[in-house]
Structure formats: C-alpha cells, structure tokens
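Please treat every number below as a calculation from the coordinates, not as lab data. For clarity, every value in this text was computed on a predicted model and none was experimentally measured. Reconstructed Cβ throughout: ideal geometry from the backbone, glycine too, with neighbour counts over all protein chains shown.
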Amino acid sequence: MQDEDIDDHRTTRELLETLDADYRKCYQHVIRQLNVADRTEDGLISADTEFEARQLIRAAFAYIEGATYILKVEASFNSEERGVELTPQQQHFIFEADFEINDKGEVTQKPAKIPLVKNIRFAFSIFAEANGIPHKLDTKAEWWQLLLDSIRVRDRLMHPREPSDLDVAPSETIAMIKAKGGFDAELQGLLSARAA
C-alpha cells in the first residue's frame, strides 16, 4: 500500500519500464521452464508452465493498461504544447473521469469505467490527433485479434468460477506474447511518427 504523505517523483517512463520489466521477467520464467522441461519421444515438451503463464498474462495486461493510460496523458500534454484543442469530453476520458449527481444534488467526480478495447482505440486515436499524426489503428491485424482472445483469457483468470478457468493452454500463452509484441510495435510506430 502506498503512503499518501510520500512525495513520489517517479515518472510515467519509470512506470512503463517497471511494467515492461515485470513482463520480461515473466516471459523469461516461461522460457526457462520450457528449456528445462522433459521432452517426449515424439518431440513434445512436458512442462508445467501454467503458473508462469498466468503471471505473464497478468503482467502483459498491466503493461498494456499502463501504456494506454500514459499514451492518453501524453496526448493531453502534447495537445497543449502544439496548440491542438481537445474537447472537455476527450479530456475527461483521457484522465478516466466520469461524473454523477450525488444524493445532495451535487456533481461529483468518479473513475470512468472504460472497457480496455475502447480505451486502447481511444488512446491511439487521441494521441494521433493531439500530435497531428495520420494514424488509424489496424483492428484487422493479427496482434489485435490475438489481443481480443487474450482479453477473454485474462477475464477468465481474474474472475475464475471453476478450477479449469485457471488453465492456460500453450496457444493462449503464445497468443498473449504475440499480442503484446504487436501492441508494442504499434505504440513504437506512433511514437516514432511523433518524433519525425
């Protein structure tokens, strides 16, 4: 738990680096387990990597969600620097704020609940708009489809109802690795376009 009195000078870059390092550690653990596993006569690998796979999937989504939020915040700062006016509604979704009227009739702010897929699309779109970059997220790309599949796996792992919900097939682990790699490539492409 974080002490609210501590002044935290760490940057969003450090956040993203930490999340990526966590993912890489999980990835290395999966690979290590596969490398020391027994191989059957027909070449199949017999390894118990489900714990590591669950950790890898959780770490990948922590990274993706963190990067998505950081991308939106960067869009807000970049829009101010470049004189691009974002709407109040866009700013609310950038900072994941929603509003409601409480029992006293007062407007109060609460965290917005934005589904991950919509949030990723919005983050890439708003970043491109704020930086004057012609960019359209390719939702037909293999990595995007694998991300959608991996979201279902993540949801199953985070809200298990029966023991089999914790099972992670090797194909699901590979899908997550490819989805995270595709997300990174898309993110790097967008950041490179801004720098150009």
Determine the calculated [θ] at 222 nm for the chain from helices alone, applying -39500 (n - 2.57) to every DSSP H run no shorter than 4 residues and normalising by the residue count; nearest 500 deg cm²/dmol.
-22000 deg cm²/dmol
Report the calculated FRET efficiency for Gln109 and Met158 (r = Cβ-Cβ distance, R0 = 35 Å), to the nearest 0.05.
0.85
Semi-axes of the equivalent ellipsoid for the chain, Cα gyration tensor, largest first, Å:
35, 21, 17
Long-range amide H partners of Ala112 with built H, under 5 Å
Ala97, Asp98
Could you work out how far helix 170-195 tilts from the main Cα principal axis of the chain, as a 0 to 90 degree angle to the nearest 10?
30
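Which of the trypsin sites (Lys or Arg not before Pro) found in region 104-149 are loop residues per DSSP with 11 or fewer other Cβ atoms within 10 Å of their Cβ? Mind showing how you got there, number by number?
Working: sites: Lys104, Lys113, Lys118, Arg121, Lys136, Lys140; in loops: Lys104, Lys113, Lys136, Lys140.
Passing both the DSSP loop test and the Cβ count: Lys104, Lys113, Lys136, Lys140.
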Straight-line reach from Lys136: which lysines fall under 24 Å, measuring Cα to Cα and dropping same-chain residues less than 8 apart?
Lys72, Lys113, Lys118, Lys178, Lys180
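Just want to confirm a number: the relative contact order over the chain, from Cα pairs under 8 angstrom separated by 6+ residues, in percent. Numbers along the way, then the final one.
Values: 179 pairs, mean separation 38.1, N = 196.
Averaging sequence separation for qualifying contacts and normalising by length gives 19 percent for the chain.
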Not counting the cut sites, what is the longest span of the chain without GluC sites (Glu not before Pro) that DSSP labels loop and that have at most 13 other Cβ atoms within 10 Å?
107-196
Cα-based helix-to-principal-axis angle, 12-36 vs the chain, degrees rounded to 10:
10
